[in-house]
Amino acid sequence: MDKSSVEPRSEIKERLHPNLIKAVIEALQQIFGESRYADAVVRNMLKSNPKWGSKDRKFLAETTYETVRWWRKLWAVYGKEPTLNEKNLWRLLGIYFHLSGYDLPEWDEFEGIKERPYEEILKEVEDNRVLRESIPDWLDEIGTRELGDIWEKELHTLNEAAPVIIRANTLKTTIHALQEALKEEEVDSGLIPSHPDALQLDVRKNIFRTQCFSNGLFEVQDASSQEVAYFMELKPGMRVIDACAGAGGKTLHMASLMQNKGKIIALDIHEWKLKEMQKRAARAGVSIIEPRAITSSKIIKRMEKTADVVLLDVPCSGLGVLRRNPDLKWKLSKESIDRITLEQIQITASYCNMVKVGGRLVYATCSILPSENEKVVDEFITSHPQYEKVSERKVLPSISGHDGFYMASLKRIS
């Protein structure tokens, strides 16, 4: 968060409209005051203002996310404790705009900001890592303890804005055909080496309005997330259980790798997520997914020893995807991560019986903490000798340039 790291702004005076800044302030009050998720707040804000142009929509989204990302750092530069008072939020945003290279309008809310030595204060703030990277103290303590020397590099990468990456639906198109079709709709993209189904957009755009999306030619999915389905070593005709399916991003990729042959049973405790998955599956031309809401333990017991592969994409801290969800670091706590880890252990122990002998259990998270990854798997193997670890993969953002992920393949031997 400094002048050198912010994309140069054009038409600055046109873009700094009071109504847009008020919208950002309202979004921040919902995110921090009502503990709402930033992506949902921004999405609802844009939906409520359909007359906004593309520049206004981009301004609202980018400013909200960047302010959330640098929340602690901005308040440190301001010299005040965080508050949701509207007057103070106006000033906080004025400081952010000033440090980002804007020529501030002569508004009462911004009075005196240009005369204050905020650039010098910023330099002083950046001598302290938790302020420089804008994170809670407890998170820095956990990251240092669990990741050691690599923590700082990971932390820095996780504060960079994430690119938009999509996955070609190979049931309907090829990666090259999709790239050309998007280009015809004025969406330019590039291939990603070692990720055969992935395209990275050159410029962030609302691609959900494209004909390509309506035709089910792609889904938005980070390159690291796409690795999970490949890691599962799927084949057409398999019986697969996606035990924590959610809205089905990985489930749909699994179906395409299985060439829409076989069966995927998609489980989740939230029925509304499964309904969303059904809509996505219909658009993608996928017919092998059978959604089942987990309403009791009997649902799991009935499928004992029936699956060739079970995917446990378990609930996690989400620290590997902080670039996309910067508000997570303000919603999490040391205690919540401890609770999540316990839940991961319980889910793995409860759901593992669905794997048939000779089959595989694939454990996955979007976290980079060993306490949620290797340690959970090692504890499971120790308490379940009928399983052995076949392989594991850890994707670090600082090395891959993509989201942080962990995955382990465990074979049932008895």
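The values are calculated or read from the model by the stated rules, or taken from the named source; none is laboratory data. Since this is a predicted model, take the numbers as computed values, not measurements. A quick note on method: Cβ atoms are made from the backbone with ideal geometry, for glycine too, and the neighbour counts reach across all protein chains shown. With ligands, DNA and RNA removed, areas are computed over all heavy atoms of the protein, side chains included. Shrake-Rupley method; radii C 1.70, N 1.55, O 1.52, S 1.80 Å.
Can you compute log10 of I(q)/I(0) for the chain with the Debye formula, treating each Cα as one identical point scatterer, at q = 0.09, 0.10, 0.14 Å⁻¹?
One equal scatterer on each Cα of the chain leads to -0.61, -0.75, -1.33.
Using only protein heavy atoms and a 1.4 Å probe, report how much of C212 is accessible, in Å² to the nearest 10.
Estimated to the nearest 10 Å², C212 gives 10 Å².
Working from Cα positions, state the angle (0 to 90°, nearest 10) between the long axis of helix 271-284 and the longest principal axis of the chain.
80 degrees
Longest exposed-loop-site-free stretch of the chain, with chymotrypsin sites (Phe, Trp or Tyr not before Pro), DSSP loop and at most 14 other Cβ within 10 Å? Display every interim value, and only then the final one.
Values: sites that count: Y37, W107.
With a cap of 14 other Cβ atoms within 10 Å, the longest stretch comes to 108-414.
Using a Förster distance of 22 Å, how high is the FRET efficiency between I399 and D149, based on the Cβ-Cβ distance and rounded to 0.05? Please report the intermediate quantities before stating the final value.
Numbers: r = 14 Å, r/R0 = 0.62.
The formula returns an efficiency of 0.95 here.
Evaluate the charge dipole of the chain about its Cα centre and quote only its size in Debye, nearest 20, assuming +1 on the Cβ of each Lys and Arg and -1 on the Cβ of each Asp and Glu. Mind showing how you got there, number by number?
Values: 60 positive and 62 negative charges, 398 e Å.
Charge dipole, the chain, about its Cα centre: 1920 debye, nearest 20.
How many percent of the accessible area of the chain is carbon or sulfur, using a 1.4 Å probe? It would help to have the intermediate numbers written out before the result.
On the way: 9380 of 19070 Å².
The computed percentage sits at 49.
Nearest 0.05, what FRET efficiency do E290 and T170 give at R0 = 25 Å with Cβ-Cβ as r?
Values: r = 21 Å, r/R0 = 0.84.
After rounding, the FRET efficiency stands at 0.75.
Around E160, under 10 Å between beta carbons, what's the net of Lys plus Arg minus Asp minus Glu among the other residues? It would help to have the intermediate numbers written out before the result.
Working: positive: R69, R323; negative: none.
In short, +2.
Quick one: length gained pulling E160 to E335 fully straight, 0.36 nm per residue minus the C-alpha distance? Kindly include the intermediate steps, with their values, before the conclusion.
Working: separation 175, 0.36 × 175 = 63.00 nm, distance 2.63 nm.
In short, 60.4 nm is gained.
For the chain, set up a Gaussian network in which alpha carbons nearer than 10 Å are linked by springs, and say which option among V228, V376, V309 fluctuates the most.
For the chain, modelled as a Gaussian network with Cα springs under 10 Å, the answer is V376.
Could you list, in their original order, any pairs among K87/K123; K153/K375; K301/K389; K80/K123; K153/K389; K263/K329 whose Cα atoms are separated by more than 27 Å?
Values: K87/K123 25 Å; K153/K375 22 Å; K301/K389 24 Å; K80/K123 17 Å; K153/K389 29 Å; K263/K329 37 Å.
Violating the 27 Å limit, Cα to Cα: K153/K389; K263/K329.
Taking only Cα atoms and a 10 Å spring cutoff, compute GNM fluctuations for the chain and point out the largest among M354, M303, M254.
In this elastic network of the chain, the residue with the biggest mean-square fluctuation among M354, M303, M254 is M303.
Using a Förster distance of 35 Å, how high is the FRET efficiency between V220 and K375, based on the Cβ-Cβ distance and rounded to 0.05? Spell out each step's value before the answer.
Values: r = 31 Å, r/R0 = 0.89.
Approximately 0.65, to the nearest 0.05.
Please identify which residues in the stretch 398-413 have an amide N closer than 18 Å to a label point set 7 Å out from the Cα of E233, following the Cα→Cβ vector.
407-413
Which three extents, in angstrom, do the Cα atoms of the stretch 342-414 have along their principal axes, listed largest first?
Its Cα atoms span 39, 24, 17 Å along the three principal axes.
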